[in-house]
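Shown next, in structure tokens, is the structure this report addresses.
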């Protein structure tokens, strides 16, 4: 049947197959066949949702109005940019990301410098430093929420006993402090991994460089500035990219600790995505916001890689 | 050994394949047509009581119940996605706040033409029936009905020399200042003002107690108009926090559950709370102030003639899919009647069980004179008269509309901006009113 009715296509297919055979060797074809299942799975669970969410962002989809689903093109994006809440969320996200990434990176460098020195108990300290990183995010959020509690929180108790405050203070409920208190909880959890990444980079710095600098009369600060810091660039780039990607999309602490409040004090982009998608059930707007956040994340990461990667090269 | 082992393996594979094929080919139609099953979806509350009553239902009717539950915080989203995906659901718990949204989306079926269920209206409190009615059609039978209660810690009041609960909001300030001045507690009034499930009910209760409304009978927002209750209520709360300092500034980060613990620990004198919490508040195993916590009538605002509060109900709804199929409809009706009406014993057994086990008030009026119910209120609230009187003054939330959820997001932020003294009551309520208008026109 196929030979009679479809002779030409069969020949064409055959020649294409022959061309593939000539172009790729047995090993390459085998490798392609072996990775095909993984590629298919990735396409189904990663590529398709990403593409489909872009498609979704072009429609006005509200799950509570299932009978209508108009195509709005870039309408969701223009609505987002015209919404004052979006710009509030951008401000809050920017502040939170800058504070978290800066503090995490600086602390990580300091801790890595400490752990890079030889002293008794260093191994134990290294293990202890990692503990916050191993704490689940939800536990971390609940723990800090209790610590900050205005009625029975540990922070108020400690500050009162130290004589630093004479009256229990409101932490998360004070809009001027909220973002910083959440950032502190995030830094506590994220800093250990960043410190280990820095430490690994530090360990790779040749000892000869320090010896040569010492011979040249460099003091400890000069050795840090001229030897350690330039050599830390690969680690710094990794930490900056990773921490920025984590912080800009941070959600769990906001859900557990403040729910975007008080008022709109912790109304970040990830929170807005959650509210629009899962509370207002507006999947079109939610998808548009997600794409904006993803683009912002990729852009920042690209800038870091460009800026630090060029110096590395 | 080997031949029999091979045979056994073949038999096993054959059986597995047959079972797989049967499940692929037969399960879905079988499930859809199965005349003796009800798919019941609920949030994770009263799980033990529900399971126990499901057992009684299955025993009495020989109808199997496929019961699934989701946490309250994720319930609406979970149910909506299942409804959109046309998942098999027959009966579900519904909040009165979602009724317009669900009815407009045709996710709920009216029960107006089901006399087996409608007959219970004759014995139900009017506000309950009204809360299950949208555009003239009724959509279910009640799971429970409750209202916000104003409760007092009698011990703190006595220690401050206060012999009766405050009857107006001005008296609440006066009594609180007296308690504060005597050094009994620092913040006599407790309100859970975090962005949480109950915030709209707390504020609504106070607005209604001020004689106010959010929306006029024509559906227009009046919440931003001075003298209509909402502006006065948020101003009262702001002053209570920042001027009189009788409410902790930490109230904006206090959810209902934390407030409950604080009040149960005897740290505050006055509190607004869902009535069903009274049992826990007066349970010595859960609260150190147990036995000293008593309900009082919701204080009145300066323009209010009588007490008022916010009431709400949760109810059993039926999906249109279940109603359209004769067998599923029959099972669903039996299930709803067994749980929301009278069961095989001819009594409101489940509603009574929910009260005596968990403190959940009911909508069925005949139960109010039941001896066990009276004993329950006597034990856990010092009597049921005030609760019954307050229940009669309960008003359904007037902001319930198809766009309630989205409006409430804006409202929550706006309330808090006033409580934080970052916005005036007039400006914040104007934001809410504008959002209402925007959503009502969308």
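Annotations
- Taking Cα atoms only, the orientation of helix A:122-134 departs from the longest principal axis of chain A by about 60 degrees.
- In segment B:160-295, the ratio of gyration radius to Kirkwood radius, Rg to Rh, stands at 0.98 when only Cα atoms are counted.
- Pairs of Cα atoms nearer than 8 Å and 6+ residues apart set the relative contact order; for segment A:49-208 it is 27 percent.
- Of A:53, B:95, the sequence from fewest to most neighbouring Cβ atoms within 10 angstrom is A:53, B:95.
- For segment A:10-75, the fraction of alpha-carbon pairs in successive 5 Å shells from zero, as %: 4, 14, 11, 12, 11, 10, 10, 7, 9, 8, 3, 0
- The radius of gyration of the Cα set in segment B:388-442, together with its Dmax, comes out at 13.6, 40 angstrom.
- Share antiparallel - DSSP beta bridges, the protein assembly as shown, percent rounded to 5: 65
- Computed over the alpha-carbon atoms, segment A:104-143 gives an Rg to Rh ratio of 1.07, Rh here being the Kirkwood radius from the mean inverse distance.
- Cα-based Kirkwood hydrodynamic radius, segment A:191-277, one decimal, Å: 15.9
- The ranking of A:69, A:23, B:213 by Cβ neighbour count inside 10 Å, starting from the fewest, reads A:23, A:69, B:213.
- Taking all Cα-Cα distances within chain B, those exceeding 36 Å account for 34%.
- Relative contact order computed over segment A:75-312 (Cα-Cα under 8 Å; 6+ residues apart), in percent: 30
- Shape summary: the protein assembly as shown maps onto an equivalent ellipsoid whose semi-axes, from the alpha-carbon gyration tensor, are 50, 42, 26 Å in decreasing order.
- Dmax and Rg, reported as Rg then Dmax, of segment B:285-442 (C-alpha, Å): 20.9, 58
- Mean separation of Cα contacts under 8 Å (6+ apart) over length of segment A:44-142, as relative contact order %: 12
- Least to most buried among A:104, B:254 (fewest other Cβ within 10 Å first): B:254, A:104
- The ellipsoid that matches the Cα gyration tensor of segment A:103-186 has semi-axes, each √(5λ) in whole angstrom, of 29, 16, 13, with the longest given first.
- Distance histogram in 10 Å bins (all Cα pairs of segment A:48-135, percent per bin): 13, 23, 20, 17, 16, 10, 2
- Crossing angle, helix B:169-181 versus chain B [Cα axis fit, 0-90 degrees, rounded to tens]: 70
- All Cα pairs of segment B:64-104, percent lying beyond 12 Å: 64
- Long-range Cα-Cα pairs in segment A:75-312 (distance over 22 Å), rounded percent: 61
No value in this document is a laboratory result; all are computed from the given coordinates. Just so we're clear, the structure is a prediction, and the values are computed from it rather than from any experiment. So basically every Cβ, Gly included, is an ideal-geometry build from the backbone, and we count neighbours across all protein chains shown.
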